[in-house]
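Laboratory data are not the source of any read-out in this text; all were calculated from the coordinates shown. Since the model is a prediction, treat every value here as computed from it, not as a measurement. So basically every Cβ, Gly included, is an ideal-geometry build from the backbone, and we count neighbours across all protein chains shown.
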Amino acid sequence: MKLSREIKTGIIVIGGILLFILGFSYLKSSPLFEDGKTLFVVYNDVGGLQVGTPVTINGLTVGTVSNIKFKGQGGNLVVTLSIKDDFSFSKNSPAELYDTGIIGGKGIQIKPVFDGAPMANSRDTLPSTTQLGLTQLLQKQLTPLQQKVEGAVTNADSLLMNVNQVLDENAKNDLRETLSGLNTT
């Protein structure tokens, strides 16, 4: 049986399209034929989290952020996680949003909990937590220090104002003469 030129061309085009889809998927690091769980997490603010960000458990990458979208009119954001089925954990395990570095990248780490609750299955929603970033920690630590410094500056200003009020011109001249007398001795 002989194939016509049109059929051969059609097979080559279909093969090219399939190779393009597989290649694009490979470059995007989202496997087409790998099964896993799809989990959801709701955050008030994702702080610059990006689609494709790795999701880790105990430092091991177990998935990626596959989608981020608004949930209704409240402004909350639903983050969709694609997780490998290799590791099971409770549906009470929090998905913590954290800073990946000093500059401000974000990541998600699942803190596995084994509390006897049902295991997380595909389409479950995990509880969310947010780890304080470096900026928030510094601000939290520096606020009391700033208040103390402001109080000290106010006290020093009050002290100098009172000294200036107590000392009249004659007392100032006497004080100058006393100090210059001390310098000569």
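Here are the numbers for the structure shown:
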| quantity | calculated |
| --- | --- |
| Those chymotrypsin sites (Phe, Trp or Tyr not before Pro) in the stretch 62-98 that DSSP places in a loop and that have at most 15 other beta carbons within 10 Å | Phe87 |
| Estimated FRET transfer efficiency (Thr129, Asp86; beta-carbon r; R0 25 Å; 0.05) | 0.60 |
| Fewest-first ranking of Ser88, Ser128, using other Cβ atoms within 10 Å as the exposure measure | Ser88, Ser128 |
| Highest-first arrangement of 6-18, 114-126, where packing means the average Cβ count within 10 Å | 114-126, 6-18 |
| Cut-off under 5 Å, modelled amide H: who pairs with Ser66 long-range | Gly52, Thr80, Leu81, Ser82 |
| Folded to 0 to 90 degrees: helix 169-184 orientation relative to the chain principal axis, Cα | 90 degrees |
| Value at 222 nm in deg cm²/dmol, rounded to 500, when DSSP H runs of n ≥ 4 in the chain each add -39,500 (n - 2.57) | -13500 deg cm²/dmol |
| Interchain or long-range residues, amide H under 5 Å from Asn76's placed H | Lys71 |
| Distance (nanometres) between label positions extended 7 Å along Cα→Cβ at Ala171 and Arg5 | 11.3 nm |
| Cut-off under 5 Å, modelled amide H: who pairs with Thr56 long-range | Val62, Ile108, Gln109, Ile110 |
| Relative contact order, percent, the chain [alpha-carbon distance under 8 Å, six or more residues apart] | 19 percent |
| The stretch 3-8 - phi-based ³J(HN,Hα) in whole Hz, Karplus 6.51/-1.76/1.60, Gly and Pro as x | 8, 6, 4, 5, 5, 4 |
| Cα-based helix-to-principal-axis angle, 134-166 vs the chain, degrees rounded to 10 | 10 degrees |
